[in-house]
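The values are calculated or read from the model by the stated rules, or taken from the named source; none is laboratory data. The model shown is predicted, which means the values in this text are computed figures rather than measured ones. Here the Cβ positions follow ideal geometry from the backbone for every residue, glycine too, while neighbour counts run over all protein chains shown.
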Amino acid sequence: MSGGSTIDKVRRELTARFAAAGLDSPELDARLLVGAGVHLDFTGLITQGARELTKTDVAHIGAMAERRLAGEPIARILGMREFWGLPLKLSAETLVPRPDTETVVEASLDQIRAAGCVNDSLRIADLGTGSGAILLALLSERPSAIGIGTDISEDALHTARGNAIALGFAERAAFVACSYAQALSGPFDLIVSNPPYIASREIAALAIEVREHDPLRALDGGADGLDAYRALIPQAAQLLRPGGVLVVEVGQGQSRDVDALMTTAGLWPDIPAKSDLAGIPRAVVGRKKPR
């Protein structure tokens, strides 16, 4: 790329480079980076495709392209990711929210509807909130709900709090620094979590986008990937109101083990796990026995 290049030309060049490097979505990646570099959405890129870029524009886009070719995810480069239709800012201490995690939101909303409390003032806790993705998605769907997000990372909490403010949820969302639910007091109607669930020995085999750019402590679930569940499930069971629900994201092949941990903690894991688009049981649900 050189000074005087047009938006269309730079997009085509980046698409070709990304395709040659074997990236999964070269055209989309090129469009997002060029759009970010010149502050245009998709429509703007099309209507202004013949616009010539300055040397500064070209250099900025080129620097982002090199980061993508080195394996950095687009969301990290742009500093944001859309989740449940909400634009969320990211930081070094937050996971990039993934479509699989929307299954937790879906399962939670299913349980709210099944309990007939759609318009009630629900109390929600999101344990290990990261960017606040799950909590803020639920608040966006339930205007009467309030929620608390916890995380051991102050940086993550700063990011989540900023997202809540930007989305207009500041008055309904609070954030607390602690390990899972240690600093909370109940009761809660719904507790959700996407904890670390990758077995330690499997971290090295993860894709570079995850292995080298997501925070390790948000990935590493210990020897068998279940350490976080052993900690948070008993905590959640104590904090749920009678009839309240816990929904957690799990990795492939973990749903039965997590069911067993819920049973041991006194929850009813008799609600089928909700599968993601690949058919993998992704959101495991446990209910506290009603009185």
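For region 122-160, give me each residue that is within 20 Å of Leu216 (Cβ to Cβ) and basic (Lys, Arg).
none
Results for (1) more than 20 Å from the chain's Cα centre (by Cα); (2) under 27 Å from Leu277 (Cβ atoms); (3) at pLDDT below 95, shown as yes or no for each residue.
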{"site": "Ser153", "(1), (2), (3)": "no, no, no"}
{"site": "Arg161", "(1), (2), (3)": "no, no, no"}
{"site": "Ala166", "(1), (2), (3)": "no, no, no"}
{"site": "Glu171", "(1), (2), (3)": "yes, no, no"}
{"site": "Ser193", "(1), (2), (3)": "no, yes, no"}
{"site": "Ile203", "(1), (2), (3)": "no, yes, no"}
{"site": "Asp220", "(1), (2), (3)": "no, yes, no"}
{"site": "Gln238", "(1), (2), (3)": "yes, no, no"}
{"site": "Ala260", "(1), (2), (3)": "yes, yes, no"}
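Can you find even one residue in region 156-175 that is touching a Ser or Thr at 6+ places or on another chain (Cβ under 8 Å) and assigned to a loop (DSSP other than H, G, I, E, B)?
The answer is yes; a qualifying residue exists.
List the number of the failed condition for Asp24; all other conditions in (1) within 22 Å of the chain's Cα centre (by Cα); (2) at pLDDT 95 or above hold.
(2)
Quick one: which helices (runs of 4 or more DSSP H) sit completely within region 206-290 and have at least 3 residues that are crowded, with 20+ Cβ neighbours inside 10 Å?
227-239, 255-264
Would you kindly identify the helices (runs of 4 or more DSSP H) lying entirely within region 32-91 that contain at least 3 residues that are surrounded by 14 or more Cβ atoms within 10 Å (Cβ to Cβ) and modelled with pLDDT of 95 or more?
55-69, 74-78
Could you please find all residues in region 104-154 being in a loop (DSSP other than H, G, I, E, B) and within 21 Å of Gln235 (Cα to Cα)?
Across region 104-154, the qualifying residues are Leu122, Gly128, Thr129, Gly130, Gly132, Ile152, Ser153.
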